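A quick write-up on the structure given underneath.
The values are calculated or read from the model by the stated rules, or taken from the named source; none is laboratory data. Computed from a predicted structure; not experimentally measured. When we count neighbours, we look across all protein chains shown, and the Cβ atoms used for this are built from the backbone with ideal geometry, even at glycine. Keep in mind that these areas ignore ligands, DNA and RNA; they rest on the heavy atoms of the full protein, side chains included. Shrake-Rupley method; radii C 1.70, N 1.55, O 1.52, S 1.80 Å.
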2 protein chains.
Amino acid sequence: MKLEIKKKLADKWFSDLQILICEEFLKLEKNLSSKPKKFRKRLWQKTKKNEGGGLSCTLEGGKVFDKVGVNKSTVKGIFEKKFRKTILGASKNGKYWASGISVVAHMKNPKIPAIHFNTRFIVTSKEWFGGGIDVTPCIQDNKEKKEFHNKLKKICLKNKKNYKKYKKWCDKYFYLPHRKETRGIGGIFFDYEKKDWEKNFNFVRDLGIGFIEISKKIILKKIKSKWSLKEKEIQLLKRGRYIEFNLLYDRGTKFGLNSGGNVESILMSLPPTAKWR
Amino acid sequence: MKLEIKKKLADKWFSDLQILICEEFLKLEKNLSSKPKKFRKRLWQKTKKNEGGGLSCTLEGGKVFDKVGVNKSTVKGIFEKKFRKTILGASKNGKYWASGISVVAHMKNPKIPAIHFNTRFIVTSKEWFGGGIDVTPCIQDNKEKKEFHNKLKKICLKNKKNYKKYKKWCDKYFYLPHRKETRGIGGIFFDYEKKDWEKNFNFVRDLGIGFIEISKKIILKKIKSKWSLKEKEIQLLKRGRYIEFNLLYDRGTKFGLNSGGNVESILMSLPPTAKWR
């Protein structure tokens with residue numbers, strides 16, 4: 001398949017998925033409210049030089065979501081020299097094209113974990129897919145954890161992907177060395193998937209749909225369960241760790257901020273409120 | 001003067017100043033409460049290998065302070081190889097000794113700015129003083145700003161220090177490039193003060209006392225002024241920026257976390273609560 005067609009297909013998929021996710025999340029809000037909060041949508045452009053941009057959808061202060069951001073962007077450009085060596089295939093001339101979707105959901109109910117999902121297609125002198133899903137509870141739930149990992153395992157199996165490897169990668173990536181803690185209960189993380197574009201694209205689409213199913217299942221199970229202020233306090237402290245990870249270590253955040261991306265979209269991963277003790 | 005005596009004097013001064021600051025801050029709390037919150041004191045050791053440690057004093061949930069941390073530490077050790085080139089005089093063998101005090105005060109009243117102060121004496125194959133004071137209001141007050149800078153100017157003048165240079169350094173250091181914002185209204189920042197130990201030590205002591213005077217003046221002026229929830233909201237959003245700066249850019253934070261320092265003391269600079277929109 002020609003590269004231009006791959007780019008179009010990937011870009012279109014991420015856009016379609018974004019709409020789908022926003023619709024499904026809005027339905028969840030409608031479960032709890034007859035006048036649900038709406039997604040605020042903002043289009044942004046990377047530069048005035050026709051280097052692409054994105055659509056940022058955020059819902060705040062909902063009955064289900066304290067804050068959820070669903071971002072899709074497709075950008076291109078030339079990496080600054082100092083970053084080139086850190087990006088696969090960019091060391092020669094720094095040219096890149098990147099499209100992706102990323103979602104971070106911070107729940108109102110502290111019994112429901114925060115959920116993060118991202119998939120992307122990146123083109124430099126190489127081309128590859130990357131992405132993942134991971135879950136950050138603040139109150140332990142072993143059954144939920146097991147079901148979550150089983151679902152991911154199934155999606156990987158169906159697509160002949162190495163679930164174990166992706167799981168390990170996730171645990172390693174979402175780790176806070178200064179706290180000697182993992183961010184949450186893991187999930188999967190993958191990058192540099194280059195071989196067999198169509199197979200990878202199928203996997204990425206399955207993961208997008210899987211993310212919706214996983215989120216709905218996790219959320220609906222506890223959507224009406226009661227919680228205490230003490231549990232909310234635990235959640236706010238856990239969110240502090242989330243912020244520490246995202247600002248101190250996350251590659252995406254650092255990359256975005258250093259390459260002049262849209263600040264609001266990059267930092268939409270930060271929870272609406274957090275605490276430190 | 002022998003290096004060992006310099007170390008002892010610096011270490012002793014930072015300890016004395018810590019006690020003084022805690023006493024003065026407690027007096028401020030007593031202004032507003034007959035049963036004031038107390039400082040929680042924690043001693044910590046860097047390692048089991050006699051590499052020093054510190055005393056962390058934190059007061060939370062007060063009538064004046066939402067959270068204030070007053071930390072003093074004196075540590076030594078050997079820098080990891082990859083950090084050595086980033087530290088003056090450490091490239092040869094990585095040996096260091098460092099003593100310092102650092103204070104971050106996040107106020108309950110959003111009309112009163114957050115105040116940060118730090119002074120340190122560092123010994124590698126070189127030896128130098130560094131430090132600074134800076135102020136982060138969330139509601140503009142030009143008179144307060146002018147008085148604050150005038151006081152710093154006076155302290156610098158008295159000690160024949162280049163106020164303008166230090167002020168510029170501060171503005172440059174406390175800058176959030178991704179937001180294109182300064183953290184606050186600046187102050188002074190200095191580092192690598194090597195020449196004339198006694199003169200520098202005098203300056204560092206004057207700055208410590210000056211910090212207490214500045215803080216008291218700023219706080220007492222507004223300690224009883226009313227504030228609205230809207231102003232509190234502005235403060236919480238401003239604190240989000242504070243966190244972004246400290247986790248994304250602050251040299252001290254990065255250095256501390258990467259060199260196995262005491263996590264609680266390093267991150268005591270983070271406000272107790274913050275918001276992102």
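Just need the relative contact order of chain B here, percent rounded to a whole number, with Cα pairs under 8 Å and 6+ apart. Walk me through the intermediate numbers first.
Values: 470 pairs, mean separation 43.2, N = 277.
That works out to 16 percent.
Label-point distances for residue B:140 to the equivalent site in the other copies, using a point 7 angstrom along Cα→C-beta, read 5.2 nm when ranked shortest first. Nearest-5 percent of antiparallel DSSP beta bridges in the protein assembly as shown? If I count the DSSP bridges inside the protein assembly as shown, around 100 percent turn out antiparallel. At the listed q of 0.06, 0.11 Å⁻¹, the Debye profile of the protein assembly as shown, built from one uniform point per Cα, gives log10 I(q)/I(0) equal to -0.34, -1.07. Normalised size of region B:216-277, defined as Cα radius of gyration per 2.2 N^0.38 Å with N residues, equals 1.40.
Placing unit charges on each Cβ (+1 for Lys and Arg, -1 for Asp and Glu) gives region A:3-269 a dipole about its Cα centre, and among A:149, A:225, A:262 the Cα reaching farthest toward its positive end belongs to A:149. The HN-Hα couplings worked out from phi for region A:31-40 by the Karplus form 6.51 cos²θ - 1.76 cosθ + 1.60 (θ = phi - 60°) are 4, 10, 8, 7, 10, x, 4, 9, 6, 8 Hz, whole numbers, x standing for Gly and Pro.
Chain A's nearest residue to the axis relating it to B, judged by Cβ and reported with the distance in whole Å, is A:247, 2. Annotation: amide H of residue A:273 within the under-5 Å range of B:276, sequence separation 5 or more or interchain, hydrogens built in the peptide plane.
Between residue A:43 and residue A:220, the simple label model (points 7 Å from Cα in the Cβ direction) yields a spacing of 3.4 nm. Interface residues of region A:222-248, defined as those with an accessible-area decrease of at least 20 Å² between the chain by itself and the complete set of protein chains (probe 1.4 Å), are A:243, A:244, A:247, A:248. Using Cβ point charges alone (K and R +1, D and E -1), the dipole size of region A:1-70 about the Cα centre works out to roughly 260 debye.
Distances between placed amide hydrogens fall under 5 Å for residue A:95 paired with A:79, all partners being 5 or more residues away or on another chain.
Treating only the Cβ atoms of Lys and Arg (+1) and Asp and Glu (-1) as charged, compute the dipole magnitude of region A:3-269 about its Cα centre; round to the nearest 20 debye. Kindly include the intermediate steps, with their values, before the conclusion.
Details: 63 positive and 28 negative charges, 55 e Å.
In total the dipole reaches around 260 debye.
In this Cβ point-charge picture (+1 for Lys and Arg, -1 for Asp and Glu), the protein assembly as shown has a dipole of about 160 debye about its Cα centre.
What region B:103-188 shows is 45 Å² of accessible area per residue, with the surface traced by a 1.4 Å probe over protein heavy atoms.
Near residue B:127, no amide H atom lies under 5 Å from its own; only residues 5 or more places off or on other chains count, and H is placed 1.01 Å from N.
Ascending distances from the residue B:83 label point to its copies in the other chains, with the point 7 Å along the Cα-to-beta-carbon line: 2.7 nm. Treating r as the C-beta distance of residue B:233 and residue A:277 and R0 as 22 Å, the FRET efficiency rounds to 0.50. For residue B:191, inter-copy separations between label points set 7 Å beyond Cα along the Cβ vector come to 2.7 nm, shortest first. Evaluating 6.51 cos²θ - 1.76 cosθ + 1.60 at θ = phi - 60° for every residue in region A:55-65, the Karplus couplings come out as 10, 10, 10, 10, 10, 10, x, x, 7, 9, 9 Hz, glycine and proline recorded as x. A simple spin-label model places pseudo-atoms 7 Å from Cα toward Cβ; at residue A:86 and residue B:172 they are separated by 2.2 nm. Stretched out straight at 0.36 nm per residue, the stretch from residue A:194 to residue A:33 would grow longer than its current Cα-Cα span by 53.6 nm. In region A:3-269, a dipole from Cβ-located charges (positive for Lys and Arg, negative for Asp and Glu) runs towards its positive end, and of A:64, A:166, A:15 it is A:166 whose Cα lies farthest in that direction. Taking θ as phi - 60° and the Karplus parameters 6.51, -1.76 and 1.60, the scalar couplings of region B:76-83 work out to 9, x, 10, 5, 4, 3, 5, 8 Hz in sequence order, x denoting glycine and proline. With a cut-off of 17 Å on the backbone N, the residues of region A:166-183 near the modelled label site 7 Å out from residue B:263 along Cα-Cβ are A:171-183.
The residue among A:109, A:124, A:175 whose Cα reaches farthest toward the positive pole of the charge dipole of region A:3-269, with charges on the beta-carbon of Lys, Arg, Asp and Glu, is A:175. Helix content alone sets the calculated 222 nm mean residue ellipticity of chain A: runs of n ≥ 4 DSSP H residues at -39500 (n - 2.57) each, divided across all residues, give -14000 deg cm²/dmol. Need one word for region B:53-106: rounded, prolate or oblate. Basis is the Cα gyration tensor (sqrt eigenvalues a ≥ b ≥ c); a/c below 1.5 gives rounded, then a/b vs b/c decides. Prolate is the answer for region B:53-106, as a/c is 1.5 or above and a/b outweighs b/c. Note on residue B:95 and residue A:23: their simple-model spin labels are 7.0 nm apart, each label 7 Å out from Cα toward Cβ. For chain B, the longest principal axis of the C-alpha atoms and the axis of helix B:163-173 are separated by about 80°.
Please compute the Cα-Cα pair-distance distribution of region A:3-269 with 5 Å bins starting at 0, giving whole percents from short to long. Whole-percent P(r) values from 0 Å outward: 1, 6, 13, 17, 19, 18, 13, 8, 3, 1, 0, 0. Expressed as a whole percent, the accessible area of the protein assembly as shown that falls on carbon and sulfur atoms is 54 (1.4 Å probe).
Using the Cβ-Cβ distance between residue B:213 and residue A:255 with R0 = 35 Å, the FRET efficiency computed as 1/(1 + (r/R0)^6) comes to roughly 0.20.
Shape of region A:1-151 from the C-alpha gyration tensor: prolate (a/c of 1.5 or more and a/b above b/c, with a ≥ b ≥ c the square roots of its eigenvalues).
Longer than 20 Å from Cα to Cα, which of B:27/B:221; B:27/B:143; B:35/B:224; B:48/B:254 are they? Say none if no pair is. Provide the component values of the computation, followed by the final result.
Working: B:27/B:221 15 Å; B:27/B:143 25 Å; B:35/B:224 17 Å; B:48/B:254 22 Å.
In this structure, B:27/B:143; B:48/B:254 exceed 20 Å between Cα atoms.
With the cut-off at 1.5 for a/c, could you classify region B:163-277 from its C-alpha gyration tensor as rounded, prolate or oblate? Kindly include the intermediate steps, with their values, before the conclusion.
Numbers: a/c = 1.77, a/b = 1.28, b/c = 1.39.
Since a/c reaches 1.5 but b/c is at least a/b, the shape of region B:163-277 is classed as oblate.
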